[in-house]
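What follows is calculated from the coordinates using simple rules that are stated; it is not laboratory data. As the structure is a computational prediction, the values presented were derived from the model and not from experiment. Methodologically, a virtual Cβ is constructed for each residue, glycine included, from the backbone with ideal geometry; neighbour enumeration extends over all protein chains shown.
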Amino acid sequence: MANAVYPPYPPTLTQAEQEYLLTNLKDWSITHGLAVRPTSSYVTEDLDPARALATTAPVTLFPSLFPRSCFDQARAVSQAYSELYSAIAADEEWLGEIVKELLEIDDFIENLWKVHLAVKKEGYAQSLQLGLFRSDYMVHVSDRNSDSRLSVKQVEFNTIASSFGGLSSQVASLHRYLHSVGAYPEVTSSLINDASLQCSGSVPQLASGLAKAHQAYVESDKPNRPVCVLFLVQDVERNVFDQRHLEYALNTDHGVRTFRLPFSRVLEDTSLDQDRKLLYTPPSFSGKQWEVSVVYFRAGYAPTEYTSQRAWDARLHIERSAVIKCPGILTHLAGSKKVQQVLATPQSPHLARFLPDKLAADKLLATFAPIYPLDESEAGLEARKLATDPQTAQKYVLKPQREGGGNNIYRSEIPGFLQSLPKTKWPAYILMEMIEPPTQGNAIFRNGEVQSGEVICELGVYGACLWRDKVENEVVKGREVLENFEAGYLLRTKGAGSSEGGVAAGFGSVDSCCLL
Ligand code: ADP
Ligand code: MG
Ligand code: MG
C-alpha cells in the first residue's frame, strides 16, 4: 500500500465471466438465506399478496478490500467497548444526568426514561442484563504521506436491535464460495485468497449470547414450565431472514425454543404472573403457555413504532417483567448519540470512570472521532458556529438521538436545517466530524441490477455481554460481568456519493472483508 490506500480493484470481467459470477451469487444467496423480502417498489403488493416472495439481499460482487491493521484494531477493542457500555448502563445516576439534558427537548427519550422511572418505583424484577452490541467504524486516513496513517474511527455504538449479524456470516461464506468456484479471475489471487477472506462468526456467536442469557435465567429462576426466547419484531419486516438465522442457530445448536412476537401484539399475547414472570401464549397453540427467558428487541427503537399509549404500555409491560431484556431501557439509553459525544469530549473524566484500565481506555480513545454538543456550553457555542457556517458545515454530520438509519443531516444541509429549528431544540443533536474513508471500486447487486463504481465501507464488530446489576437503595450502581465476548463482524458498503449507509433503508449492501 504505497500512496493510494487500495490497489486497482475489482478486476474487469468479461460478460461471460460476470454472468457466471451472478448465476452463482443468486443461487447461493437464496439457497443459504442471504435474502430479504422485496420492497414494494421492486415487487408490488398485488403481485405478492401473501408476502411469500424473497429476493437476494443487496450484496457486493467482490469482497471489499480492508486494511488488516484496521480490522485487527476494531476487533481488539470489542470487549473493552462492551465493558464500557455495560458499565454506563449500570450507572443510573450518571446516565440520568445525561438524559436530564434531553428530557424537555426530546419526547422519545423522555418517554423511555419515564418507563424506567416507573419500573424503578415498583422495584426491579430482574438483575440480569444482556447486550448484543455492534460498534461501527470507518477507516480514517490521518496522514497521506506516512505508512502508519490508517486507523479506524467509530461511527457509532449500537445497543439495541444491532442487525445484519445473520446475513453477515452468510455473505462472507458467499464470497468464499465464489472464490472457490473460480468466479474471481486468476489475476486477483494475490488479493483474494484463502488467507485474505474473512469469515464472520456472528450467527453462532450472537446466538451463543442469547443462549447464555437463556441458561442464566433458567438457572436462577428455575421455571417449572416450558421456556422460550421471544424475538420482538416489527409488523412488517423485510429483514426477517437475518433474524431467522439467529433463531435457527438457537434452535439447532442450543435446543432453545424461539417465537417471533410483533411489538403490536405484546399486550394481547403475553401476561405477567404474580412474580412478574413474562408468560407467552401463542395464538396458534390453543392456550399452551411458555415462560419467557429473554426478550430480544428487533423492534421498539424508533418513535414511529410508538404511535399510541398502547405501545408505551407494551414497552413498560416488558420492562417491568422478570424477563432478561436485550436490551433493558438503561442499556437502550446508553446507546444514545449524546452518550457517545460526552465520552468523546477531550480530557473528559468519563472514560476513566467506566474503564479504569488505562491501556484499554487509550485504545478506545484512539477510535473516537471529534463530536461536539450543540448546547450553550463553550464547546457547544463553538460547534454552533461550525454548524451554521455553510463552509465549515461541509465537514460535519448532525445527529439526533435516533436509531435505524435515515435520521441524520449531512454537510451543506445542516445550516438550513438548524435555522428551521428553534434554538431550544438544538441541544437534542450532536455534531460529528465526517470520517472520510478511502474509496475503492466494487459492484453491488441489488434488486436484480448490478451497479458498479466507487464505494466506501463501514465495519461493524459485534459484542455479546451478559451482566448482573448491583442495586443499592433502589439505584442501579455497578454490575458483575458474567460473559463478554466478541461476536463476529459486519461489513456494509455503499456508493461513495451517498451519505447514509443503511442496507435496509435502500442505500447500501452487505459485504465481507478481503484483508490486505
Ligand atoms: P444510525 O444509528 O441511524 O445508524 P449512524 O450514526 O450510524 O446512525 O449514521 C448513519 C450512517 O451515516 C452511517 O452508517 C454512516 O454511513 C453515516 N455516518 C454517520 N456518521 C458518520 C461520520 N462521522 N462520518 C461518515 N459517515 C457517517
Ligand atoms: Mg445506530
Ligand atoms: Mg448506524
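Things to note:
- Every residue from the range 186-204 that is surrounded by fewer than 19 Cβ atoms within 10 Å (Cβ to Cβ), part of a helix (DSSP H, G or I) and polar (S, T, N, Q): THR188
- Total residues in the range 276-310 satisfying the condition of being assigned to a strand (DSSP E or B) and among the acidic types (Asp, Glu): the figure is 1.
- Just one of (1) in a helix (DSSP H, G or I); (2) farther than 15 Å from ALA161 by Cα fails for PRO346. It is (1).
This table checks each residue for (1) more than 16 Å from ligand 2 (Cβ to nearest atom); (2) farther than 28 Å from TYR306 by Cβ; (3) out of contact with any Cys (no Cβ under 9 Å at 6 or more places or on another chain).
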| residue | (1), (2), (3) |
| --- | --- |
| ALA54 | yes, yes, yes |
| PHE71 | yes, yes, no |
| VAL119 | yes, no, yes |
| SER127 | yes, no, yes |
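- Only one of the listed residues (THR331, THR281, THR307) is surrounded by fewer than 24 Cβ atoms within 10 Å (Cβ to Cβ) and in contact with a Gly (Cβ under 9 Å, 6 or more places away or on another chain). That residue is THR281.
- Segments classed as helices (runs of 4 or more DSSP H), wholly inside the range 363-457, with at least 2 members that are at negative phi and surrounded by 15 or more Cβ atoms within 10 Å (Cβ to Cβ): 378-388, 413-419
- The listed residue being more than 18 Å from ALA161 (Cβ to Cβ), small (Gly, Ala, Ser) and crowded, with 19+ Cβ neighbours inside 10 Å, out of ALA183, ALA207: ALA183
- Set LYS120, LYS100: member being more than 16 Å from ligand 1 (Cβ to nearest atom), of a type outside the set (Phe, Trp, Tyr) and in contact (Cβ under 8 Å) with a residue 12 or more places away in the chain: LYS120
- Members of the range 284-304 that are small (Gly, Ala, Ser), surrounded by fewer than 19 Cβ atoms within 10 Å (Cβ to Cβ) and closer than 20 Å to GLU247 by Cβ: SER284
- Positions within the range 311-327 being outside any strand (DSSP E or B) and under 24 Å from the mean Cα position of the chain (by Cα), in sequence order: ALA311, TRP312, ALA314, ARG315, LEU316, ILE318, GLU319, VAL323, PRO327
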